[in-house]
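Here is the structure we will look at, set down as structure tokens.
Only the coordinates and a few stated rules stand behind these numbers; no lab work does. Every value quoted in this text rests on a predicted model; they were computed, and no experiment measured them. Backbone-built Cβ (ideal geometry, glycine too); neighbour counts: all protein chains shown.
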Amino acid sequence: MTHQTDTQAPILSPEAIDAHIREARALRSRAFRSALRGAARSLTGWTRAGAVNHRFETMPDHLLTDLGISRSPAADLLAGARNDNVPDGGQAAA
């Protein structure tokens, strides 16, 4: 069997190199924009949740009673209580 030992890599033209560099920069820009959008969405959600929590904390008890809720279960709900903190493990009664 004969084995070819020609391992010379193809030579890229300067135009091809420039095209690859432009493509890499465009990909980097898209990734950066996507990361910024994600961070902005997270910050917006966090601030919105904080505003809801602040409104709840500043509501007088008589308004909460009129709504039929008490401060402690509602605070757990707003804080995002996990199912394993619920006495029945978060399972609905059958």
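For LEU12 and ASP66, calculate 0.36 nm times their separation in residues minus their Cα-Cα distance, and state this gained length in nm to one decimal.
On the way: separation 54, 0.36 × 54 = 19.44 nm, distance 7.51 nm.
Between LEU12 and ASP66, full extension yields an extra 11.9 nm.
Testing the spin-label approximation: label points 7 Å from Cα along Cα→Cβ at ALA19 and THR47. State their distance in nm.
It is 4.4 nm.
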